[in-house]
Amino acid sequence: MPVRVLFLALLTATPAIAAPPIAELPGPIVVAGGGELAKDTRDAFLGLAGKDKAKVILLATKDAAKSWPSATVLTLTDKKQADDPEFVKPLATATAVWFANGPLPVLRGTLLDKELKMLQGRGGAIGGHGAGAIALGQLGLLPGFHLALKEDERFQKAIDADPATVGIALEDGSAIAIRGRTMRVLGERAIAIRVAKGAGHPAAMQRAEAGSLFDTFQLRRAAANRASKNPFPPAKPRDPVVEKGSLVIVGGGGAGPDIWKRFIALSGGPEATIVMIPTALGGTIPPAARIPEVSALRRNGAKNVVVLHTYDRNEADDPKFSDILLKAGGVWFGGGRQWRFVDSYEGTLTEKRIRDVLTRGGAIGGSSAGASIQSEFMPRGHPLGNTVMAAEGYERGFGYLPGCAVDQHFFARKRTADMTGLMKEYPQFLGIGIDEGTAIVVKGSVAEVIGRTKVAFYDTRKKPVGEQDYEEAKVGEKYDLKKREKVK
């Protein structure tokens with residue numbers, strides 16, 4: 001199982017998508033390298049354009065109608081045409097525009113540029129081939145990416161000069177299609193993806209064959225992290241101390257009454273307002289009565305449970321949306337995929353108000369995804385799958401438990417080796433593996449184990465005992481996270 005992955009290609013269906021900090025493309029994009037256009041690339045573009053109902057405009061410097069027999073061909077030779085209302089008029093009713101291979105005039109700021117962005121805004125497909133693909137990129141229709149036709153020194157220097165961008169080199173016969181946030185490699189040859197050095201990592205390059213899938217948000221977040229003046233993870237994390245309030249961190253698999261009752265008590269008792277956040281589930285969130293965590297809280301005595309959920313970061317920044325947190329005594333993060341918490345709440349007013357609950361002496365709890373999001377380092381954060389322990393761009397959790405990396409379903413899913421690999425990559429963190437039905441309750445620097453089974457603590461400063469490179473703490477035992485030893 002991979003430990004640290006910058007690029008991840010999965011040949012499976014993509015999960016439900018949330019609305020993250022980096023906006024999805026309003027309409028699909030297809031770009032191809034030079035040479036002959038592969039049939040699957042053309043077919044993919046026509047499918048995204050509306051199939052039989054597609055109205056395709058072909059922008060070319062010469063007649064290319066033989067390649068696109070159903071397209072309306074606009075021969076574009078100079079910038080003056082691009083500012084002619086009559087010339088660009090067909091774009092108003094088009095479902096797609098394709099930039100043919102060949103030299104094109106500068107189009108940025110023209111009426112044609114404006115019409116293309118309007119087309120993209122209403123969900124139309126835009127694509128390009130060879131030099132046409134480069135022109136598309138220069139118009140800013142694929143933000144955060146730098147397109148090139150060769151994986152050469154010039155390409156590498158361009159990415160190094162602008163490390164916040166992701167480089168994609170499209171060799172002859174290769175192509176990509178991006179819809180929403182998912183990028184699929186098409187064509188007959190591999191593409192190359194490059195990011196600059198940064199965040200303690202060297203420059204990275206990967207070649208990807210047709211059929212590979214990538215999450216564009218993860219790629220862009222990785223590049224942004226490398227370009228940041230404060231990249232993650234830090235070489236020296238903060239000490240694992242919860243200064244105020246309490247954490248209840250559950251390893252998934254269902255919490256028992258003892259865990260729920262402890263969380264309710266730490267939140268202020270049965271009368272306290274408890275906010276349950278189910279966003280990690282993805283898709284359409286069911287009514288409160290059908291959310292298992294809400295039912296469990298009420299069954300164990302909580303009388304005022306309120307569900308708070310959005311995928312919209314603008315809504316998460318609206319004071320009215322999170323007003324309930326101002327009087328909350330506890331917040332519970334549900335299970336699912338932890339990257340959805342990041343996409344929806346990271347850096348928003350809602351995230352600040354959640355932290356304020358802890359600062360006021362309240363409790364923050366969560367299970368599975370709701371466990372890992374609480375740690376400073378967030379394992380298994382890749383949007384395309386939970387098998388990668390360290391997905392660059394999605395490694396930073398909300399940090400309620402600093403200096404730690406929390407994994408869940410630990411012994412039940414035989415994840416001990418995964419944490420071993422992560423600790424080799426990032427030995428500055430204390431690794432914590434929590435089994436199903438088990439929790440740690442953290443106050444100050446002390447973690448108390450409650451629930452069903454046990455917890456593993458990984459301290460790379462200690463020598464392994466035999467083949468076991470972690471220390472176990474069973475139910476009823478306590479572990480000092482700062483001193484990295486059991487409390488006697």
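Taking amide H positions as modeled 1.01 Å from N, with prolines and chain starts lacking one, no residue 5 or more places away or on another chain lies under 5 Å from Gln428.
Taking θ as phi - 60° and the Karplus parameters 6.51, -1.76 and 1.60, the scalar couplings of the range 226-234 work out to 5, 8, 6, 7, 10, x, 10, x, x Hz in sequence order, x denoting glycine and proline. Here is how the number arises for the chain: DSSP H runs of 4 or more residues each give -39500 (n - 2.57), the sum is divided by the residue count, and the result at 222 nm is -6000 deg cm²/dmol.
Taking a ≥ b ≥ c as the square roots of the eigenvalues of the alpha-carbon gyration tensor, the range 44-128 is classed oblate because a/c is 1.5 or more while a/b is no larger than b/c. Can you spot the lysines whose alpha carbon is less than 18 Å from Lys55's alpha carbon? Ignore those fewer than 8 places along the same chain. Answer for Lys55, where 18 Å is the Cα cut-off: Lys66, Lys89, Lys117, listed by chain and number. Kirkwood radius and radius of gyration were both taken over the C-alpha atoms of the range 367-440, and their ratio Rg/Rh is 0.91. Shown in residue order for the range 383-392 are the 3J(HN,Hα) couplings computed by the Karplus curve 6.51 cos²θ - 1.76 cosθ + 1.60 at θ = phi - 60°: x, 9, x, 9, 8, 8, 6, 9, 9, 4 Hz (x for Gly and Pro).
With the radius of gyration and the Kirkwood radius both derived from the Cα set of the range 242-486, what is their ratio Rg to Rh? Reported Rg/Rh, Kirkwood definition of Rh: 0.95.
Full extension of the chain between Lys157 and Glu24 gives 45.2 nm of extra length, using 0.36 nm per residue less the Cα-Cα distance. Please label the shape of the range 303-381 as rounded, prolate or oblate, based on the square roots a ≥ b ≥ c of the eigenvalues of the alpha-carbon gyration tensor (a/c under 1.5 means rounded; beyond that, a/b larger than b/c means prolate, else oblate). Since a/c reaches 1.5 but b/c is at least a/b, the shape of the range 303-381 is classed as oblate.
If only the Cβ of Lys and Arg carry +1 and only the Cβ of Asp and Glu carry -1, the dipole of the chain around its Cα centre is close to 980 debye. List the aspartates and glutamates whose alpha-carbon lies under 19 Å from that of Lys53, not counting same-chain residues fewer than 8 positions away? By straight Cα distance, Lys53 reaches Asp40, Asp43.
Every Cα-Cα pair of the range 4-227 was included, and the share exceeding 26 Å stands at 33 percent. Counting Cα-Cα pairs of the range 341-488 in 5 Å increments starting at 0 gives whole-percent bin shares of 2, 9, 20, 24, 21, 14, 7, 2, 1, 0. A DSSP coil position with no more than 14 other Cβ atoms inside 10 Å describes the following trypsin sites (Lys or Arg not before Pro) in the range 169-207: Lys197. The amide H of Arg396, built 1.01 Å from its N in the peptide plane, has Met378 as neighbours under 5 Å, considering only residues 5 or more places off or on other chains. Expressed in units of 2.2 N^0.38 Å, where N is the residue count, the Cα radius of gyration of the chain is 1.10. Exposure proxy for Val106, Val31, Val166: other Cβ atoms within 10 Å of each Cβ, ordered fewest to most, give Val106, Val166, Val31. Straight Cα distances below 29 angstrom link Lys488 to the lysines Lys236, Lys244, Lys261, Lys414, Lys424, Lys443, Lys454, Lys462, Lys463, Lys474, Lys478, with same-chain residues fewer than 8 positions distant left out. Of all DSSP-defined beta bridges confined to the chain, some 50% are antiparallel rather than parallel. You can think of it this way: the chain between Asp318 and Glu471 has 50.7 nm of extra reach, that is 0.36 nm per residue less the Cα-Cα gap.
Size check on the range 152-225: the Cα extents along the three principal axes, sorted descending, read 33, 27, 16 Å. When the Cα gyration tensor is reduced to axis lengths a ≥ b ≥ c, the ratio a/c stays below 1.5 for the range 240-344, which is therefore classed as rounded.
In terms of surrounding Cβ atoms within a 10 Å radius of their Cβ, Phe87, Phe377 rank from fewest to most as Phe87, Phe377.
Placing pseudo-labels 7 Å out from each Cα toward the beta carbon at Gln428 and Lys114 gives an inter-label distance of 5.0 nm. Protection proxy ranking of 277-287, 424-434, 400-410, 69-79, by the mean of other Cβ atoms within 10 Å over each peptide's residues and highest first, is 400-410, 424-434, 277-287, 69-79.
Coordinate-derived values only; no laboratory data. Fair warning: this is a prediction, and the values are worked out from it, not measured in the lab. For neighbour counting, all protein chains shown are included, and Cβ atoms are generated from backbone atoms with ideal geometry for every residue, glycine included.
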